1. Just one of the numbered conditions (1) at positive phi; (2) of a type outside the set (Phe, Trp, Tyr); (3) buried (at least 21 other Cβ atoms within 10 Å of the Cβ) is not true of GLU108; which one?
2. Pick from segment 1-58 the residues that are among the aromatic types (Phe, Trp, Tyr) and more than 22 Å from the chain's Cα centre (by Cα): which of them is least open to solvent (accessible area, probe 1.4 Å)?
3. I'm trying to understand the selection: among the residues of segment 59-82, which are among the hydrophobic types (A, V, I, L, M, F, W, C) and under 26 Å from the mean Cα position of the chain (by Cα)?
4. Counting residues that are over 30 Å from TRP318 (Cα atoms), free of Cβ contacts under 8 Å to residues at least 24 places away in the same chain and of a type in the set (Ser, Thr, Tyr), which helices (runs of 4 or more DSSP H) fully inside segment 36-143 reach at least 1?
5. Among the residues in segment 2-22, are any over 20 Å from PHE144 (Cβ atoms) and in contact with a strand residue (DSSP E or B) (Cβ under 9 Å, 6 or more places away or on another chain)?
6. Under 9 Å by Cβ, and 6 or more places apart or on different chains, what pairs join a residue from segment 148-164 that is more than 13 Å from LEU15 (Cβ to Cβ) with one that is at pLDDT below 95 and not in a helix (DSSP H, G or I)?
7. From the list LEU125, LEU131, pick out the single residue that is open to solvent by less than 70 Å² (accessible area, probe 1.4 Å) and more than 19 Å from the chain's Cα centre (by Cα).
8. Name the single residue that is least open to solvent (accessible area, probe 1.4 Å) among those in segment 152-184 being within 19 Å of LEU24 (Cα to Cα), of a type in the set (Gly, Ala, Ser) and assigned to a helix (DSSP H, G or I).
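The values are calculated or read from the model by the stated rules, or taken from the named source; none is laboratory data. Since this is a predicted model, take the numbers as computed values, not measurements. Counting neighbours? That spans all protein chains shown, and the Cβs are built from the backbone with ideal geometry, glycine included. Each accessible area value is taken on the protein alone, full model and side chains, heavy atoms only, with ligands, DNA and RNA left out. Shrake-Rupley method; radii C 1.70, N 1.55, O 1.52, S 1.80 Å.
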Amino acid sequence: MYDRAVSRRVAYLLLVAAASVRLLIQAAAMPPYAGLDELYHVARLAFVLEEHRNPTTTERSVPPDLEATLERKWDAVPSFALLQRDWHPRPLRDRAVTPRPYARPNYEAQQPSLYYSFVAPLARLFPRTVLTQLRVWRFASVVFALIAIVATATIGERWWGRSGLVAAALVAFIPTWETLVTRASNDAFACALVAVAVAITAWGEMQNAECRMQNWERSHSAFRILHSAFEALFWALAIAAKLYTWPLAIALPFFWRWQRASRWRVIAVTAACAISAALTMTELSSRTGTAIGIDFAHTGRALRIVDLVKVTIASAAWTSGEHWDALRPAGIVLYIVPVVLAIAFAPRRRELWWLSGAVLTAFALAQAVNVIESGWVGGGEGWYWFVLVPVLVPALLAPAVKRFPLVALWIVAWDVVITAHLFGTWAGHMSPDHSGWLFRWGPHA
């Protein structure tokens, strides 16, 4: 028993070490503002840091130093996502932050406030420069990403043993997920909270059974109260973090049914989620005028389902940022199909397939609402689907790894291929004028 406990600790240490190295490499190598909408997330963080409140969607809230970046001024810290093909790596000249006067409104004011209010003050612990603030907030995202991976590992280990740990480690080697969580934004924060919430809910199954087996009635009663309190707290926080975490709450009834959850546990967690959602919508309404953030005006363009599906698949397979360098269809098929086949022929647990199907359906419906609400323009954000990691990785990828270990090597190998290409893009060696059969951007001729 002792050897098994030591082995388990070593496995988790290796998991954290491998994931930390991979995520830190990504965050350190990423040029300034290369992540999706990163500059606008940073602008909101800077506003909250200085003003001690969150901005509305109509007021000016972009600091002068970031406005200079948007205007491509010579002495500003450049934005990779803005320059795209005009990006030329050069020594970056850092500069002290200039908090006021604020320039334009920031569309990221549409987001709930929890992340920004929690993370922005971290920058006060370090020198107030543009690049230092960016690094601090990126490092915070890396920490949240590690929390999400470890929480996912605890679920996968419970269901599939060591294969669950390996599957969780592979999350750090999925390029789209790396892009989502290593930038300064609220995505890693939301992923971490929802992963911990799912892990706590799943944890109740084992702990309840153990207490009953040992007939520890007093311990069982105390555990139930403590467990329900933490479950309610983290689900409430996850819902307050970002709206795309809400569909994952559909997983709760499945776990509660399997665990024969008490009525009071169900009531407590449901009430916490409802209160959190109500408070979040109230806060959004006060700043944006709508309960779910910005009310996009309809463009009048017809909805093209084919284009929407293509963008969603492409950005789910891999996206490197706003410069639209992505895998071509041949690359997507070559990368994804072996993983999908491994999942299809892996050992099945009927209840986990039902759980995965319910979560996927709920998230798809939420994305459909996003498409309608944003006037047929948004909704193709395939990278958002990776918030489902704490459910889909333990339920579907872990058994695939268990039966087909080579699928783990396949995912890591593709991460090496994609990252080598991405680093070449960041180094200015790639251009959309010279595409290849795998990537939309290729080496200069």
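1. (1)
2. Taking the candidates together, the pick is PHE47.
3. Residues satisfying the conditions are VAL62, LEU66, LEU70, VAL77, PHE80, ALA81, LEU82.
4. Helices (runs of 4 or more DSSP H) meeting the threshold: none at all.
5. No, there is no match, as no residue in segment 2-22 is over 20 Å from PHE144 (Cβ atoms) and in contact with a strand residue (DSSP E or B) (Cβ under 9 Å, 6 or more places away or on another chain).
6. Filtered contacts from segment 148-164: TRP159/ARG349; TRP160/PRO347.
7. LEU131
8. So the residue we want is ALA168.
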